[in-house]
1. So for the stretch 11-25 (the condition being within 16 Å of ligand 1 (Cβ to nearest atom), at pLDDT 95 or above and part of a loop (DSSP other than H, G, I, E, B)), does at least one residue qualify?
2. Which of the residues that make up the stretch 82-113 are charged (D, E, K, R) and farther than 15 Å from ASP52 by Cβ?
3. In the stretch 40-121, which helices (runs of 4 or more DSSP H) lie fully inside it and hold 2 or more residues that are without any contact (Cβ under 8 Å) to a residue 60 or more places away in the chain and outside the structural domain of SER361 (by TED's automatic domain parsing)?
4. Among the residues that make up the stretch 156-178, is at least one of them under 28 Å from GLU66 (Cα atoms), buried (at least 23 other Cβ atoms within 10 Å of the Cβ) and modelled with pLDDT of 95 or more?
5. Using the structure shown, decide if ASN152 is over 28 Å from GLY83 (Cβ atoms), surrounded by fewer than 20 Cβ atoms within 10 Å (Cβ to Cβ) and in contact with a strand residue (DSSP E or B) (Cβ under 6 Å, 6 or more places away or on another chain).
6. Among the numbered conditions (1) free of Cβ contacts under 8 Å to residues at least 24 places away in the same chain; (2) surrounded by 15 or more Cβ atoms within 10 Å (Cβ to Cβ); (3) of a type in the set (Gly, Ala, Ser), tell me where SER401 comes up short.
7. Let me confirm something: among ALA306, ALA290, which residue is modelled with pLDDT of 95 or more and in contact with a helix residue (DSSP H, G or I) (Cβ under 8 Å, 6 or more places away or on another chain)?
8. Quick one: ASP224 ticks every box in (1) surrounded by fewer than 18 Cβ atoms within 10 Å (Cβ to Cβ); (2) near ligand 1 (Cβ under 8 Å from one of its atoms); (3) without any contact (Cβ under 8 Å) to a residue 60 or more places away in the chain except a single one, so which number is it?
Amino acid sequence: MEVYKFGGASLRNADAVRAMCDIVRTVPHAHRLVIVVSAMGKMTNALERALDAALHAPEQLQEAVEQIATFHRSMVEQMSADGQGDYSAALQQLADLEILLSHLPNPGFDQVYDLVVPYGELISSLIVAAYLKEQLSVPVQWVDIRTVFRSNSVYRAATVNTAISEPLARQAFSSERPCIFVTQGFIAQGPEGTTTTLGREGSDYSAALLGAFLQAKAVTIWKDVPGFLTADPALFPNASLLPELDYREAIEMANSGAKIVHPKALKPLQNACIPLYVRPFNQPNEQGSAICNLALHDGNPLTQIAIREGQVLLSLSPTDLSFALQDTLAEAFGILQTHQLRTNLIQASAISLSLSLDNDSTRLPPALSALQQLFHVAYNEGLRLITIRHYTPALRAALASIPGFLIRQETRTTLQYLVREQDWAEGYYPTLLEAI
Ligand SMILES: Nc1ncnc2c1ncn2[C@@H]1O[C@H](COP(=O)(O)OP(=O)(O)O)[C@@H](O)[C@H]1O
Ligand SMILES: N[C@@H](CC(=O)OP(=O)(O)O)C(=O)O
């Protein structure tokens, strides 16, 4: 068994879906394949906009819904031109979504988000399954992953219960006869039977979990880049391909903001010793990158850069200067945990704690109110966190000559800078661009 994951970029238009079908067609033993798909193109963002309109700007709702409907109808029309595929189930989901958005219940933002946004994955997987069914000689079976992945009820950031889900996965993805399975990434079923989501870009994580549950030979994520590169090629056009990486290296980069793979995808694969291949969907003959257990350490690894945009720096200090930080650290992190906020950088002194967090507009404000009950809280937004792994002495010196960072941290392998956008644009970015 193998698992292939196709994300939004690799399903962004009809030609991309055709290219995906060609990739599947050439897989030897394709009938032993589980295909995990995300919402097509930028549909998750479009669904978030529609939800926002339904909740806060009803005058913009029709336009937002129209964008989603037009995109999917046009996809169905173009895919239908290639044969006799039956897209009625996909169109039914689209109709259900339109009804839901016009009569939206309000059980709280996170839960209503998880009612609306999964339609992207549901419609996408139904279109893909219908197309493959029509195009391939092997039978194709659509699986609703909510019958398999059981999660907790932390809406928008749910965790899959592996003990319950693993046997369900083995059951759902086994077949007496040859069969290709098509299912959704990113979504699961919560304890009350409601739909949950696993966090943005969570489809890589879904594919990795399925790979581990099914003891797959490998998991491949098909991307719009040649593989795992030393930096994001959208920012650093000279970034080089890393043909092989150890899981630990990949997890460090992913956690630091390298969006090529979801950070949670690495652990289940490492635990099960399953390789993760990152391959280019527009050059399917290229091998891309293999993430696996590398016994030998490369003596001279390439410098790698990861960037996290949209950071907020919180500086916490005690209200009465009397605190022993150890006692209150747990309280501060407890509040962040309660609000599902992830900390990307931590710096502590005797009477201050500085934290760099993703600026989540729904989770941060209540967390801030709770923190302000206990601490003085200073707040800086619009920041970037730069992580440089395996820096060279020359790059370290060049960065040290740039004025104006909010936090700098250094270990033997890693340099991190938290900087303002203006300093990034004028100093850090040009220096890094030259170095990579
Ligand atoms: N180190 C890196 N190597 C390759 N791509 C990277 C890296 N860091 C960030 N990226 C970005 O990740 C993108 C692919 O991820 P994503 O858009 O989430 O794919 P998908 O939606 O298809 O799953 C690339 O287009 C690239 O801009
Ligand atoms: N569609 C979801 C889940 C996902 O992982 O998408 P992608 O594979 O396109 O990053 C999102 O955009 O967050």
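1. yes
2. Initial filter on the stretch 82-113 (charged (D, E, K, R)): 82, 86, 96, 98, 110.
ASP82, ASP86, ASP96, GLU98, listed by residue number.
3. Details: elements: 43-56, 61-80, 88-102, 109-116.
The qualifying helices (runs of 4 or more DSSP H) are 43-56, 61-80, 88-102.
4. Checking the stretch 156-178: not a single residue is under 28 Å from GLU66 (Cα atoms), buried (at least 23 other Cβ atoms within 10 Å of the Cβ) and modelled with pLDDT of 95 or more.
5. Working: over 28 Å from GLY83 (Cβ atoms): yes; surrounded by fewer than 20 Cβ atoms within 10 Å (Cβ to Cβ): yes; in contact with a strand residue (DSSP E or B) (Cβ under 6 Å, 6 or more places away or on another chain): no.
No: the conditions fail for ASN152.
6. Tallying (1) free of Cβ contacts under 8 Å to residues at least 24 places away in the same chain; (2) surrounded by 15 or more Cβ atoms within 10 Å (Cβ to Cβ); (3) of a type in the set (Gly, Ala, Ser), SER401 fails exactly one: (2).
7. Values: ALA290 fails: in contact with a helix residue (DSSP H, G or I) (Cβ under 8 Å, 6 or more places away or on another chain).
It is ALA306.
8. Failed condition: (3).
The values are calculated or read from the model by the stated rules, or taken from the named source; none is laboratory data. The shown structure was predicted, so the numbers you read here are calculated from the model rather than taken from an experiment. In this analysis, Cβ positions are derived from the backbone assuming ideal geometry, glycine residues included, and neighbour counts consider all displayed protein chains.
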